[in-house]
Amino acid sequence: MALLLGVDTGGTYTDAVVLDEASDVVLGKAKALTSRPDLALGVGAAIDAAIKAAGVAPDTVAMVSLSTTLATNALVEGQGGRVALIFIGFAEGELDRAGLRDALAGDPVIVLPGGHNHAGGEAAALDLDALAQALDGLEDGVTGFAVAAHFATRNPAHEMAARDLIRARTGLPVTCSHELSSALGGPKRALTAVLNARLIGMIDGLIGACEAHLAAIGVAARLMVVRGDGALIPADLARERPIETILSGPAASIAGAGWLTGEADALVSDIGGTTTDVCLLKEGKPAIDPQGARVGAYRTMVEAVAMRTTGLGGDSEVHVVEGLQGGLRLGPRRLMPVSLLARDHPSLVHDALDRALAQDAPATDGGQFVLPLWQGAIPAGLDKREAAVAARLADGPMRLGHAVTSRVEAPALSRLVTRGLAMTVGVTPSDASHVLGLVDAWDRAAAEKALTLFARRRTGAGDRLAPDAATLARRIVDQVTMQTVDCLLQAAFAEDGRDFDRAPDVLASHPLTLAGLDQHRGIVETTLKLGLPVIGLGASAASYYGDVGVRLGTRMIVPKHADVANAIGAVVGQVRMQAEGSVTSPGPGRFVAHLADGPQDFQESETALAALEAALGAEASEKAGNAGVLAPRLHAERDIKQAEIEGQPMFISATVRVTASGRPRIATG
């Protein structure tokens, strides 16, 4: 039998499963806390426990596949490395398009003349001397570069020249926009390249941790990684293009949902520690987002499943809504649950909470803590206030009020959190679930103390937020239900196919929608429910999703192994490699095929299309072969744009895409 090992690393847990490919039976599964900054600890613990539970030898594993939500979570939370953008042939004002300036968040930009025109001809010369001088003037702390040139998808020469110079001069990783997408739209390509460069260090660390542990225990099988569209790619490609792993975890969960339930049509909702991901499963397959993956505020050019990702998870921060009633709101930021910190640092947490509870007034820091995530010396490149906060954290976690001693230091801590150097610890839905007895994984007593302290906060009317920890815990869990229902309704309205003349988020919160969910019976009677079942996935799905199904009036399916669905989905997918290019016609009788090594002229459109299709087929086949597919299936698509002139069709342009697919080769000894 061929044994498959699936691994999924999320914001809170790393899951692993061992699957018998012949019988489609889960032989063993395990969960371990995702360890930061050393991901190897959590990855290794989950893999070892799953292999032990399966009762198999490590050297009998024939394939390993990894999915992850780390890239998705990083974009939602605004984390990642510091990058520099090389912007070639664009005006500086173009930075305000596609959310590019917001995504840069103050990171440096080098604007240079250069780029090409729509036909692939050079629009202006690239000044490499100016680039070299600008590189030498960059401040320390840049971890990678993104390069985007005007019309690079028609001719990538300037991006490639800049890439070669940057690598030679800095030794740092470089992402070229044409490597990630062949579509037009320079600022959006630049955005995608920036996000990719920001994620390289994080995904490289995860893959390295996984590969190192597999080698140490004697697993010789090749490591694959799940792409955002659910396809499998080799680990070395994922290292170069980590942006393609955004929505990797959710894409794996869709595959896992179909495998676990056999349902062909359903809404799949996967709740993790940081996000909730919702996707429509139709005729057994997830829809692909034609506009590119959207995560948080960013719309990328990465092809991925049509997923709605919301910053709602089991570890979401609990906020008190301003107003007389003192409502609650969850997310989008992830905190470490107090009950989890107390498991590892009981004296610190219980002593601090006991002292705070002994006082009548609520703690000024809300009973929160800060956990440093670096190892060894204090990280370099910090400003004065960041360094002061980091110095206090050097000996380990502490109360927030001790880590940040003045209001002006709060932004400094936020920057440390954004850079992944520290994590805030506070009340989360996971703590509320411990108080209510829905789960019993960490320190329930610490959760009760933290929620008791949180409940002492005052509403706008001057009343306490809640009379006790249990009441507050029930309100937090109910808020999870409400926000999950909202996520599912938005996805349902978006995929329904009817033009409601309103945005999905507006429809989901519309008074008539809410009245329908309430089954309002008055002069007007309203009823609203989902027409499809919901498949609930994630470690906490069993705790939260029963009430979600009741609220939406639909069948809620939480399958066996829902807690490791992503890890299962990671090993049941196929390799699917694509190559895409275009043919343009800059003048009568001239057709330009934009090939990988530069544009090539032809006298007939069909000849140009055939040449491009052959080149793309060879490229896609080579990629699939490198990923372990012995005999890939090829599928070509042509999107030809024509205009009618005096009753005759005139060729304008064409996009050609060739896909090579197949199952990766499984080692059998």
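Within the range 146-161, the set of residues being small (G, A, S) and open to solvent by 20 Å² or more (accessible area, probe 1.4 Å) comprises A157, A161.
Against the definition (of a type outside the set (A, V, I, L, M, F, W, C), open to solvent by 60 Å² or more (accessible area, probe 1.4 Å) and under 22 Å from L39 (Cβ atoms)), how does R333 come out, yes or no? When the stated conditions are applied, R333 passes them. Filter the range 268-281 down to the residues that are open to solvent by 10 Å² or more (accessible area, probe 1.4 Å) and closer than 14 Å to A251 by Cα, then identify the one that is modelled with the lowest pLDDT. The selected residue is G272.
Kindly indicate whether V389 is surrounded by 21 or more Cβ atoms within 10 Å (Cβ to Cβ), among the β-branched types (V, I, T) and within 29 Å of T276 (Cα to Cα).
Numbers: surrounded by 21 or more Cβ atoms within 10 Å (Cβ to Cβ): yes; among the β-branched types (V, I, T): yes; within 29 Å of T276 (Cα to Cα): no.
Criteria not met by V389.
Within the range 381-413, the set of residues being in a helix (DSSP H, G or I) and in contact with a strand residue (DSSP E or B) (Cβ under 9 Å, 6 or more places away or on another chain) comprises V389, A390, R392, L393, L400, H402, A403, L413.
Identify the residue in the range 295-342 that is polar (S, T, N, Q) and not in a strand (DSSP E or B) and, among all such residues, is modelled with the lowest pLDDT.
Quick first cut of the range 295-342, residues polar (S, T, N, Q) only: 300, 309-310, 316, 325, 339.
Of the ones still in play, those that are also not in a strand (DSSP E or B) are 300, 325, 339.
Values: T300: 79, Q325: 74, S339: 97.
Checking each candidate, the answer is Q325.
Tally time: how many residues in the range 480-498 are open to solvent by 30 Å² or more (accessible area, probe 1.4 Å) and within 21 Å of P429 (Cβ to Cβ)? Reasoning before the result, please.
Residues of the range 480-498 that are open to solvent by 30 Å² or more (accessible area, probe 1.4 Å), as a first pass: 482-483, 486, 490, 493-498.
Checking which are within 21 Å of P429 (Cβ to Cβ) leaves us with 482-483, 486, 490.
The number of residues fulfilling the criteria is 4.
Return a yes/no flag: does the range 438-451 have any residue that is farther than 22 Å from L33 by Cα and in contact with a Lys or Arg (Cβ under 9 Å, 6 or more places away or on another chain). No; the residues of the range 438-451 include none that is farther than 22 Å from L33 by Cα and in contact with a Lys or Arg (Cβ under 9 Å, 6 or more places away or on another chain).
Restricting attention to the range 45-88, which residues are more than 30 Å from G171 (Cα to Cα) and in contact with a His (Cβ under 7 Å, 6 or more places away or on another chain)? Before you say what the answer is, go through the steps one by one.
Applying the first criterion (more than 30 Å from G171 (Cα to Cα)) to the range 45-88 yields 45-64.
Within the range 45-88, just I47 meets the criteria.
Quick check on V56: is it touching a residue at least 60 places away in the same chain (Cβ under 8 Å) and either of a type in the set (V, I, T) or open to solvent by 20 Å² or more (accessible area, probe 1.4 Å) (or both)? No, not satisfied.
If the condition is being of a type in the set (A, V, I, L, M, F, W, C), part of a strand (DSSP E or B) and either modelled with pLDDT under 90 or surrounded by fewer than 16 Cβ atoms within 10 Å (Cβ to Cβ) (or both), then the range 5-26 contributes only V25.
Yes or no: R521 within 26 Å of P156 (Cβ to Cβ), open to solvent by 30 Å² or more (accessible area, probe 1.4 Å) and not hydroxyl-bearing (S, T, Y)? It is false that R521 is within 26 Å of P156 (Cβ to Cβ), open to solvent by 30 Å² or more (accessible area, probe 1.4 Å) and not hydroxyl-bearing (S, T, Y). Taking the criterion of being surrounded by fewer than 17 Cβ atoms within 10 Å (Cβ to Cβ) and either closer than 27 Å to F651 by Cβ or polar (S, T, N, Q) (or both), the residues of the range 612-632 that qualify are A614, A618, N626.
Quick check on the range 510-529. Is at least one of its residues under 21 Å from V268 (Cβ atoms) and among the basic types (K, R)?
Scanning the range 510-529, I find at least one residue that is under 21 Å from V268 (Cβ atoms) and among the basic types (K, R), so the answer is yes.
Taking into account only those residues within the range 98-117 that are under 18 Å from H178 (Cβ atoms) and in contact (Cβ under 8 Å) with a residue 60 or more places away in the chain, which is most open to solvent (accessible area, probe 1.4 Å)? The extreme case among them is A98.
Scanning the range 466-477 for residues being touching a strand residue (DSSP E or B) at 6+ places or on another chain (Cβ under 7 Å) and open to solvent by less than 10 Å² (accessible area, probe 1.4 Å) gives a total of 1.
Looking across the range 533-552, just one residue is open to solvent by 10 Å² or more (accessible area, probe 1.4 Å), touching a helix residue (DSSP H, G or I) at 6+ places or on another chain (Cβ under 8 Å) and modelled with pLDDT of 95 or more, and that is R551.
Could you tell me which residue of the range 234-266 is modelled with the lowest pLDDT, considering only residues that are crowded, with 24+ Cβ neighbours inside 10 Å and more than 15 Å from the chain's Cα centre (by Cα)? Show your work before the answer.
First, the residues of the range 234-266 that are crowded, with 24+ Cβ neighbours inside 10 Å: 238, 242-257.
Filter again for more than 15 Å from the chain's Cα centre (by Cα), leaving 255-257.
Numbers: A255: 86, G256: 89, A257: 91.
Among those residues, the one meeting the criterion is A255.
All conditions but one from (1) open to solvent by 20 Å² or more (accessible area, probe 1.4 Å); (2) not in a helix (DSSP H, G or I) apply to G367; the one that does not is (1).
Do we find a residue being of a type in the set (F, W, Y), more than 30 Å from A266 (Cα to Cα) and not in a helix (DSSP H, G or I) anywhere in the range 421-443? Full working, then the answer.
Step one: filter the range 421-443 for residues of a type in the set (F, W, Y), giving 442.
Checking which are more than 30 Å from A266 (Cα to Cα) leaves us with 442.
Subset that is not in a helix (DSSP H, G or I): 442.
Yes; the residues of the range 421-443 include at least one that is of a type in the set (F, W, Y), more than 30 Å from A266 (Cα to Cα) and not in a helix (DSSP H, G or I).
If the condition is being touching a residue at least 40 places away in the same chain (Cβ under 8 Å), of a type outside the set (A, V, I, L, M, F, W, C) and farther than 13 Å from L341 by Cβ, then the range 425-442 contributes P429, S433.
Do the conditions hold for T275, that is, is it in contact with a Leu (Cβ under 8 Å, 6 or more places away or on another chain) and either under 30 Å from L180 (Cα atoms) or among the acidic types (D, E) (or both)? Before you say what the answer is, go through the steps one by one.
Working: in contact with a Leu (Cβ under 8 Å, 6 or more places away or on another chain): yes; either under 30 Å from L180 (Cα atoms) or among the acidic types (D, E) (or both): yes.
So T275 fits the description; yes.
Here is a yes/no grid of residues against (1) closer than 22 Å to T34 by Cβ; (2) touching a Ser or Thr at 6+ places or on another chain (Cβ under 9 Å):
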| residue | (1), (2) |
| --- | --- |
| L267 | no, yes |
| G273 | yes, yes |
| T276 | yes, yes |
| C279 | no, yes |
| K282 | no, no |
| P286 | no, no |
| R294 | no, yes |
| V302 | no, yes |
| V305 | no, no |
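Of the residues contained in the range 655-662, one or more are found to be crowded, with 18+ Cβ neighbours inside 10 Å, over 13 Å from R576 (Cβ atoms), at pLDDT 80 or above and in contact with a Gly (Cβ under 7 Å, 6 or more places away or on another chain).
Do we find that L206 is over 23 Å from G93 (Cα atoms) and crowded, with 24+ Cβ neighbours inside 10 Å in this structure? When the stated conditions are applied, L206 passes them.
The residue list A461, A445, A422, A503 contains one member that is surrounded by fewer than 15 Cβ atoms within 10 Å (Cβ to Cβ), out of contact with any Phe, Trp or Tyr (no Cβ under 7 Å at 6 or more places or on another chain) and touching a residue at least 40 places away in the same chain (Cβ under 8 Å), which is A461.
The values are calculated or read from the model by the stated rules, or taken from the named source; none is laboratory data. Here the structure is a predicted model, which means the values were calculated and not measured. Every residue, glycine as well, gets a Cβ built from its backbone with ideal geometry; the counts of neighbours run over all protein chains shown. The protein model used for the area step is the full one, side chains on, heavy atoms only, and it has no ligands, DNA or RNA in it. Shrake-Rupley method; radii C 1.70, N 1.55, O 1.52, S 1.80 Å.
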